[in-house]
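**Q** Next up is a structure, given as structure tokens.
Derivation of every value follows stated rules applied to the coordinates shown; laboratory data play no part. Predicted model only: the values in this text are computed from it and were never measured. Quick reminder, even Gly has a Cβ in these numbers, built from the backbone with ideal geometry, and neighbours come from all protein chains shown.
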Amino acid sequence: MIAEKVEEYAFGGLVAAIGVFTLVDATTIAARADNAVGPRAFPYAVGALLLATGVAAIVATARGKLGQAEEGEDVDAGVRTDWVTVGKLVAVLVAHLVLMGLVGWPVAAAVLFFGAAWTLGAVWWRALPVAVVLALVVQVVFAWGLGLSLPAGIFEGVPFLDG
């Protein structure tokens, strides 16, 4: 019982500490004065929510509300890790990191989204257009909606894609 409480306190403390770190680190983000919702807004919101969640977990633990131990009924211990799939996902992530500097976020993200979906069993002709649309939507939201600059790469100069 005491070990469970220590683990719950440690979890709450870790979440709260990450929240404090996020709030402090967000103050170092450079922001333009003319932008009402700048690049600090999201980190401030995440940091505040992490801090509140961590404190709430600590308070709940102090009140005796402990989490239930997982029984693991849906875990099959006899199934081995599919290292080929893990390798493909790592390769897709590395390709994304390399491509981002070469061709920009939209193309690199489309490769990431498509590669991950295809590796996990999606039909390629369905996954490809969804990946392209998702990558472009993220680019537009960041560049046009938030005024933040993801590397546009080959789309440099396109007004709604170039932040």
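**Q** Given Cβ point charges of +1 (Lys, Arg) and -1 (Asp, Glu) and nothing else, what value in debye, to the nearest 20, does the dipole of the chain about its Cα centre take?
**A** Details: 8 positive and 13 negative charges, 77 e Å.
With Lys and Arg at +1 and Asp and Glu at -1, about 360 debye.
**Q** How high is the relative contact order of the range 83-155, given as a whole-number percent (alpha carbon pairs under 8 Å, six or more residues apart)? Kindly include the intermediate steps, with their values, before the conclusion.
**A** Values: 80 pairs, mean separation 25.9, N = 73.
That works out to 35 percent.
**Q** Sorted from largest down, give the three principal axis spans of the alpha carbons of the range 83-155, whole angstrom values.
**A** Between the extreme Cα coordinates on each principal axis of the range 83-155 lie 39, 24, 18 Å.
**Q** What whole-number volume per residue, in cubic angstrom, does the convex hull of the C-alpha atoms of the range 2-62 give? Display every interim value, and only then the final one.
**A** Values: hull volume 3.4 nm³, N = 61.
Roughly 56 Å³ of hull volume per residue.
**Q** Computed over the Cα atoms of the range 31-113, what is the convex hull's projected area averaged over all directions, in nm²?
**A** The orientation-averaged projected area of the Cα hull of the range 31-113 comes to 10.6 nm².
**Q** Under a point spin-label approximation (7 Å from Cα along Cα-to-Cβ), what is the Val59-Ile29 distance to one decimal in nm?
**A** 2.6
**Q** In whole Å, how far is the Cα centre of the range 8-87 from that of the range 95-163?
**A** Each part reduced to its Cα centre gives a spacing of 26 Å.
**Q** Contour minus end-to-end for Trp124 and Leu148, with contour as 0.36 nm per residue of separation and end-to-end as the Cα-Cα distance? Present the calculation step by step, with values, prior to reporting the outcome.
**A** Working: separation 24, 0.36 × 24 = 8.64 nm, distance 3.09 nm.
Full extension from Trp124 to Leu148 adds 5.6 nm.
**Q** Here's something else I'd like to know. Candidates (i) 1.16; (ii) 1.09; (iii) 0.93; which is the computed Rg/Rh (Cα atoms, Kirkwood Rh)?
**A** (ii)
**Q** A follow-up question, please. How far apart, in nanometres, would the label points at Leu97 and Asp74 be if each is projected 7 angstrom from Cα along the Cα-to-Cβ direction?
**A** Taking the simple label geometry, Leu97 and Asp74 are separated by 3.1 nm.
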